[in-house]
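Asks: I am attaching a structure below and will ask some questions about it afterwards.
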Amino acid sequence: MEQLLQQVVAGLATGAIYATMALAVVMVYQAIDHLNFAQGELATFSTFLAWQMIDWGWSYWAAFAITVAISFVIGIAIDRILFRPVRNAPILSQLVAFIALFSILNSSDGEIWNFTIKSFPTPFGTKPLLGSGLISTHQAGMVAVTLVMLALLYVFFRGSRLGLAMRAAAANPEAARLVGIRVGWMIALGWGLSTAIGAVAGMLIAPVVFLDPNMMLGVLLYGFAGAVLGGLSSPGGAVLGGFAVGIIENLAGTFIPFVGQELKLTVALIVIVAVLMVRPAGIFGRVAVSRV
Amino acid sequence: MKQITRRTILATAPAAIGLAALHARAAKQYDPGVTDSEIKVGNTAPYSGPASNYSTIWKCEAAYFKMINAQGGINGRQINFISYDDAYSPPKTVEMTRKLVEQDQVFVIAGGAGTPTNTAIWKYMNEHKVPQLFVATGATKWDDPKSHPWTIGFQPNYQSEGRIYAAYILQNKPEGKIGVLYQNDDFGKDYLKGVKDGLGAKAASMIKVEATYETTDPTVDSQVVNIKAAGCDVFVNTAINKFAAQAIRKAAEIEWEPLHILSGIGNSLAGTLKPAGLEASKGLVTDFFLKDPTDPQWKDDAGYKWWLGFMNEWYPEGDKNDALNVFGPTAAATIVHVLKACGDELTRANVMEQAANLHELSLPMLLPGITINTSPTDFAPIKQVQLARFDGERWQLFGSVISSALPA
Amino acid sequence: MTVPEREAVALDAAAVPSETAVAKPLGLWLDRRRLLIGAAVIAGLVAPLVVANFTIFQLTMVMIYGLAILGLNLLTGFNGQFSLGHSAFYGIGAYTAAILMSGSADLAYYWTLPCAGAVCFIVGISLGLPALRLQGLYLALATFALAVALPQLLKSHLLEGLTGGVQGIVIDKPDPPPGLPINADQWLYYFTLAVLLVMFAAAAGLVRSRTGRAIMAIRDHPIAAAAMGINTARYKTLTFGVSALYTGVAGALGAIVVQFVAPDSFNFLLSVNFLVGLIVGGIGSIPGSLFGGVFVLFVPNIAEKVSTGLSGAVYGVILLLLIFLMPSGAAGFVRRTAASLARLRRVSTTESIGRSTR
């Protein structure tokens, strides 16, 4: 029983990583209606920028704030420069643009900052939480920040005019244009938000997994799984999905005898697919009903 | 007496020239890839893809070859180091190796990385009789001169390292409960096998947890939690830098203090211990065959000073904290030594003969007491390691140099 | 044009309509295309006799990747089911061939192709059934799960005895039939070429048939297709199976040509490669798949030549340029150029007719 509790808590801690990434994934999905493969690499790049600033001697919070701001701008720039020209191309062609971005960022990170792992500071400290041997203060802080970001986003989207405009632009671009919403800029804003969230995710994750150019590959895949599990149309669902993936994977690795360790990612994904069979739009996702 | 007429000269000239030419040809024998001024050395390496963090090894080797060229080359011949990216993908390795051998006509292929990648070209190299020199992985299979006479390994193999860890455990904690963390691929499984073989009959009772991870896993925290939860008091940590560091740090976080053995693959002071926390790394035991460049104990060592000078002049963009950049020049130096030993008889057969006859070759960054030795029946150049313990500041070597040769 | 075809043209101006819709207004183009195909086949037959062995090896791999991408094309391009899992089918085909050729079975290499195809067909159908419930990115995740699962399964000690675990399986190179004056590389090339021609022709035939139109109708307007009486479930599942079959046969050929299989070669990144090749070649275009194969093999090499350290970045830049210049892939680009040329010709013809009648 105690081992179960331990693994669940450990799963929550790892799941927090996936949840933050899942949130960023869902943000951009809501803005542009498909998955950004380069999300993880953008987060890694942002984290490297922050690391460089800290390496130059700036304070953690200064580096944090500046990185988030720069990432926001980078996100908007990428949308305006890279994705506007291909917005009318088939969806799959846009996918290739994401893959290209991934490749460029990953390669550049390695070239600029090399592959030695780097430790990244955390504002939360790394002592065991409340003296227990289960998770550290940092991991608890990570969970807290993810939930706070989620809450802020909720307030932004439901309670502010800009948030409403963004939702309108994503839901029905034509109608939104007719009421004067500049849809192009709403999409760019969505990009900027998602890159900024990705930067925060990266800076939260790096203290746990260490910073290196390949830091986010696995995390993105798990985050994607979590987002799909929770439902791509639901940010809250995505966060819960991320936690769930962490827990499922840990439990699979611990309690399934014989093959659990080797196949735990497979098992986790099978569980997710099984859930999708029952709820094809994710647990909390809304099945879009379209008029024929 | 005009005995030596023009006619006789003309008559004997061809014979004389022929004799001279024969004499010269007997001294100089060239296989493809060699000319009077050049030796082509081919290589495939993971410059992109999942193993790209190792790419610095071959960038470093290229720098080393440049240095040798600037110093006059090998017996007057410049080394032309042709290295292609194989992205750690066996089909790509096959393609690039065939390109090197068939299109670029290289003399030898040196120091390729990875077990699956080198396995993919193993047969090809031996069928085409092209030397596959000093393969940069610790798999046991490269020491097989009987069936694969054209392939030779380099570093101490992982199974033998595993056995050494097992021997240390049996000596120091014979009633221990062991948890092993290993990467779910060839080298990880080799380490595990080595540990099991070394424990012999006690393996089944002593090893409580065998935890794996994939390189796409974000953390190994849950594996560490598992191992502690199983009541283990010995931790064999064969992970690569990133995951080894995570494991060390997690162990400290959950206040677990086992006999913690770190493998040779993940024991860099700056690459693993610093990120993990020097305090948390106290008491770690590992094995070395090369000098750790981040260890202050080598500050005044001649070999280290040579290496520092080399890095500063020829590979300044390389990370001086990265142990891979010590491996690179050591491997390159071995290749240069073998090629030099061939003299003017630069045939592939002679290369293998020289490679199989290295005696007590000492190189600057090998640990004192460790030398390179091969023989026609022994294709494992480096067979010695030394154990070290971390005291919170640096790795303290202890004991004597241990042979890592596998029992016959 | 039938309703689905009209929809297809309307939905996306740059998308690929069915082959017949293109042929009708450009009748002259069709004959020209047959000529081009003939020329290409002849070039393909002559090539191995004039180039070096190593280049023959590369060309063989291009054909194999082209075949694998054609498999993905059938599912994603023609039937609209997004798959990130084709590396798994490629891997299953490769391992089927490797296991049958080594060890006790010791099957001749040519028999492994139908075996690999059959195994993958069955796997594809079994996946196609549950896939019916999933759309878009959710289907992507399910197929992605497959791509991730395969290397893990191949390495697990459950199947180690069969698959050789992490060490993989080494395969002997097949010899050319006795009496033919060609070497092993050339023989493998011709063998692959023959398989390629047969399977490409079969795919073209499938696409032009009623089944093909049903498949494309499902992609373009599933509800209308169902309303017209097409059994969408049956066709979608069958397409999954056939698509897996194609990629599986390509995998078997790949194993034979490379002579080695290892679990980590068949990972998720290979799926992404296939997808990129598909899009660059042109979704819904059969010859485009071959161009995709060329891309997958040669562009990484080109990128590396430009810069070893930043080869990934160069690759990404090349990819972006291709997408900006050819948003519908190579096939779309060729089609549009041909259409503009035809239009120019028609304009000048009508002009000259107009002048002559005055």
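The values are calculated or read from the model by the stated rules, or taken from the named source; none is laboratory data. Predicted model only: the values in this text are computed from it and were never measured. In this analysis, Cβ positions are derived from the backbone assuming ideal geometry, glycine residues included, and neighbour counts consider all displayed protein chains. Heavy atoms of the whole protein, side chains included, go into the accessibility calculation; ligands, DNA and RNA do not. Shrake-Rupley method; radii C 1.70, N 1.55, O 1.52, S 1.80 Å.
Asks: Which one of A:144, A:39, B:395 is farthest out on the positive end of the charge dipole of the protein assembly as shown, using unit charges on Cβ (Lys, Arg +1; Asp, Glu -1) and the Cα centre as origin?
Replies: Farthest towards the positive end: A:39.
Asks: Can you pull the percent of region B:33-189's accessible area that's carbon plus sulfur, 1.4 Å probe, other chains left in place? Walk me through the intermediate numbers first.
Replies: Details: 2230 of 4560 Å².
The C+S portion of the solvent-accessible surface of region B:33-189 is 49 percent.
Asks: For region A:1-146, with only Lys/Arg (+1) and Asp/Glu (-1) charged at the beta-carbon, what is the dipole magnitude about the Cα centre, in debye rounded to 20? List each step's numbers first, then the result.
Replies: On the way: 5 positive and 7 negative charges, 40 e Å.
Dipole about the Cα centre, nearest 20: 200 debye.
Asks: Among C:350, B:105, C:46, whose Cα projects farthest towards the positive end of the dipole of the protein assembly as shown, with charges put on the beta-carbon of Lys, Arg (+1) and Asp, Glu (-1)?
Replies: About the Cα centre, the residue reaching furthest to the positive side is C:350.
Asks: A follow-up question, please. Only Lys, Arg, Asp and Glu count, each charged at its Cβ (+1, +1, -1, -1), so figure out the dipole size of the protein assembly as shown about its Cα centre, rounded to 20 debye. Walk me through the numbers before you get to the answer.
Replies: Working: 75 positive and 68 negative charges, 721 e Å.
In total the dipole reaches around 3460 debye.
Asks: Let me know the mean shielding of A:84-95 by other chains, meaning the per-residue number of their Cβ atoms within 10 Å of its Cβ.
Replies: 6
Asks: At 222 nm, what value in deg cm²/dmol follows for chain B if DSSP H runs of at least 4 each add -39500 (n - 2.57) and the sum is divided by all its residues, to the nearest 500? Walk me through the numbers on the way to the answer.
Replies: Working: 12 runs with 153 residues, N = 408.
It comes out at -12000 deg cm²/dmol, rounded to the nearest 500.
Asks: Based solely on its DSSP helices, what 222 nm [θ] is calculated for chain A when runs of n ≥ 4 H residues each add -39,500 (n - 2.57) and the sum is averaged over all residues, nearest 500 deg cm²/dmol? Write down the numbers at each step before the final one.
Replies: Numbers: 11 runs with 209 residues, N = 292.
Roughly -24500 deg cm²/dmol at 222 nm, from the helical runs in chain A.
Asks: Are there residues in region B:159-202 whose accessible area shrinks by at least 30 Å² when all protein chains are included rather than the chain by itself, and which are they (probe 1.4 Å, ligands and nucleic acids not counted)?
Replies: Residues of region B:159-202 that lose at least 30 Å² of accessible area once the other chains are added: B:184, B:186, B:189.
Asks: Taking the Cα centre of chain C as origin, work out the dipole magnitude from +1 charges on Lys and Arg Cβ and -1 charges on Asp and Glu Cβ, in debye rounded to 20. Walk me through the numbers on the way to the answer.
Replies: Numbers: 22 positive and 14 negative charges, 326 e Å.
My answer is approximately 1560 debye.
Asks: In chain C, which whole DSSP H runs stretch at least 24 Å along their own axis (Cα) and average 0.5 or higher on the Kyte-Doolittle scale?
Replies: Values: long enough: C:27-50 (35 Å, 1.29); C:53-72 (29 Å, 1.68); C:109-131 (33 Å, 1.42); C:136-155 (30 Å, 1.56); C:184-208 (36 Å, 1.35); C:232-258 (38 Å, 1.05); C:286-306 (30 Å, 1.31); C:329-357 (42 Å, -0.19).
Helices passing the filter in chain C: C:27-50, C:53-72, C:109-131, C:136-155, C:184-208, C:232-258, C:286-306.
Asks: What whole-number distance in Å separates the alpha-carbon centres of region C:45-80 and region C:265-342?
Replies: Spelled out, the Cα-based centre of one part sits 14 Å from the other.
Asks: Here's another thing I want to ask about it. So what is the calculated 222 nm ellipticity per residue for chain C, using -39500 (n - 2.57) for each DSSP H run with n of 4 or more, over all residues, to the nearest 500 deg cm²/dmol?
Replies: Computed ellipticity for chain C at 222 nm equals -25000 deg cm²/dmol.
Asks: Which helices count as membrane-span-like in chain B under these terms: full DSSP H, at least 15 Å along the axis by C-alpha, Kyte-Doolittle mean of 0.5 or more?
Replies: Working: long enough: B:6-27 (30 Å, 0.75); B:56-70 (21 Å, 0.26); B:115-127 (18 Å, -0.93); B:158-172 (21 Å, -0.48); B:186-199 (20 Å, -0.72); B:241-253 (18 Å, -0.50); B:302-314 (18 Å, -0.42); B:324-341 (26 Å, 1.15).
Membrane-span-like by this criterion, though nothing is claimed about a membrane: B:6-27, B:324-341.
Asks: Still on this structure, please answer the following. Rounded to the nearest percent, how much of the accessible area of chain C (1.4 Å probe, protein heavy atoms only) is carbon and sulfur?
Replies: Details: 10310 of 14900 Å².
Ligands and nucleic acids excluded, carbon and sulfur give 69 percent.
Asks: Moving on. Can you work out the accessible area per residue across chain A, with the rest of the protein chains kept in place, probe 1.4 Å, in square angstrom? It would help to have the intermediate numbers written out before the result.
Replies: Values: 11390 Å² over 292 residues.
For chain A, the per-residue accessible area is 39 Å².
Asks: Once neighbouring chains are kept in place and the probe is 1.4 Å, which whole percent of the accessible area of chain A is contributed by carbon and sulfur? Please list the in-between numbers first.
Replies: Working: 7910 of 11390 Å².
With neighbouring chains kept in place, the figure for chain A is 69 percent.
Asks: Hey, can you find the accessible area per residue of chain B for me, probe 1.4 Å, expressed in square angstrom?
Replies: Values: 15280 Å² over 408 residues.
With the other protein chains kept in place, chain B gives 37 Å² per residue.
Asks: With the solvent-accessible surface defined on protein heavy atoms using a 1.4 Å probe, which residues belonging to region B:91-106 display a reduction of at least 10 Å² in accessible area in the multichain context relative to the isolated chain?
Replies: Listed by number, the residues meeting the 10 Å² cut-off are B:91, B:92, B:94, B:95, B:96, B:98, B:99, B:102, B:103.
Asks: List the aspartates and glutamates whose Cα lies under 13 Å from the Cα of residue B:250, skipping any in the same chain that are fewer than 8 positions away.
Replies: B:221, B:279
Asks: Oh, and also: Pick from B:72, B:277, B:264: which residue has the top mean-square fluctuation in a GNM of chain B where Cα pairs under 10 Å get a spring?
Replies: B:72
Asks: Could you state how much accessible area is buried at the C-A interface, both sides summed, with a 1.4 Å probe, in Å² to the nearest 100?
Replies: On the way: alone 18020 and 14630 Å², together 28760 Å².
Buried: approximately 3900 Å² between A and C.
Asks: Compare the Cα positions of A:201, A:165, A:250 along the charge dipole of region A:158-292 (+1 at Cβ of Lys, Arg; -1 at Cβ of Asp, Glu; about the Cα centre) and return the one farthest towards the positive end.
Replies: Selected residue: A:165.
Asks: If you don't mind, there's one more thing I want to ask. Any idea of the total accessible area buried by the A-B contact, 1.4 Å probe, rounded to 100 Å²? Numbers along the way, then the final one.
Replies: Details: alone 14630 and 17750 Å², together 29690 Å².
The A and B chains share an interface burying roughly 2700 Å².
Asks: Please report the spacing between the Cα centers of region C:166-245 and region B:302-340 in Å, no decimals.
Replies: 51 Å
Asks: Per residue of B:313-324, what is the mean number of Cβ atoms on other protein chains within 10 angstrom of that residue's Cβ?
Replies: Values: counts 0, 0, 0, 0, 3, 1, 4, 0, 2, 3, 1, 2.
Averaged over the peptide's residues, the number is 1.
Asks: How much accessible area is lost when chains C and B come together, counting both sides, with a 1.4 Å probe, in Å² rounded to the nearest 100? If you can, show how the numbers build up before the last one.
Replies: On the way: alone 18020 and 17750 Å², together 33450 Å².
Chains C and B together bury roughly 2300 Å² of accessible area.
Asks: Could you work out which residue, out of A:70, A:99, A:205, moves most in a Gaussian network model of chain A, that is, has the largest mean-square fluctuation with Cα springs under 10 Å?
Replies: Result: A:99 has the largest fluctuation of those listed.
Asks: Can you return the aspartates and glutamates within cross-link range of residue A:118? Criterion is Cα-Cα under 14 Å, with same-chain partners fewer than 8 residues away left out.
Replies: Here the aspartates and glutamates satisfying the reach criterion relative to residue A:118 are A:55, A:109, A:212, B:319, B:322.
Asks: Here is a further query. Under 12 Å from the Cβ of residue A:235, count the other residues' Cβ atoms, weight Lys and Arg +1, Asp and Glu -1, and hand me the total.
Replies: Working: positive: A:158, A:167; negative: none.
Result for the local shell: +2.
Asks: With a sphere of radius 11 Å drawn around the Cβ of residue A:216, what net charge do the other residues whose Cβ falls strictly inside it have (Lys, Arg +1; Asp, Glu -1)?
Replies: For residues surrounding residue A:216, the net value is -3.
Asks: Would you mind giving the mean number of other chain beta-carbons within 10 Å of the Cβ of each residue in C:318-327, as a whole number?
Replies: Details: counts 2, 8, 10, 1, 3, 11, 6, 0, 2, 9.
Average per residue, whole number: 5.
Asks: Provide Rg and Dmax in Å for chain A, with only Cα atoms included in the calculation.
Replies: Computed over the Cα atoms of chain A, radius of gyration and Dmax are 19.1, 61 Å.
Asks: For region C:250-291, which residues drop by 50 square angstrom or more in accessible area between the chain on its own and all protein chains together (1.4 Å probe)?
Replies: Those are C:258, C:260, C:279, which lose 50 Å² or more relative to the chain on its own.
Asks: Right, next: Greater than 25 Å separation of Cα atoms is the criterion. Which listed pairs, B:40/B:340; A:264/B:193; B:40/B:291; B:173/B:320, meet it?
Replies: Working: B:40/B:340 14 Å; A:264/B:193 22 Å; B:40/B:291 30 Å; B:173/B:320 36 Å.
Where the Cα-Cα span goes over 25 Å, the pairs concerned are B:40/B:291; B:173/B:320.
Asks: What net charge do the residues around residue A:244 carry, taking every other residue with its C-beta under 15 Å from that of residue A:244, with Lys and Arg at +1 and Asp and Glu at -1?
Replies: +1
Asks: Take the cross-link list B:242/C:305; B:99/B:141; B:92/C:173; B:274/B:305; B:123/C:305 and give me the ones stretching past 20 Å between alpha-carbons. Don't skip to the answer; put the middle values down first.
Replies: Numbers: B:242/C:305 30 Å; B:99/B:141 25 Å; B:92/C:173 17 Å; B:274/B:305 23 Å; B:123/C:305 27 Å.
B:242/C:305; B:99/B:141; B:274/B:305; B:123/C:305, as the Cα separations exceed 20 Å there.
Asks: Follow-up. Cβ neighbours within 10 Å, averaged per peptide: list B:267-275, B:62-70 in order, most packed at the top.
Replies: Details: B:267-275: 24.4, B:62-70: 19.0.
Top to bottom by mean Cβ count within 10 Å: B:267-275, B:62-70.
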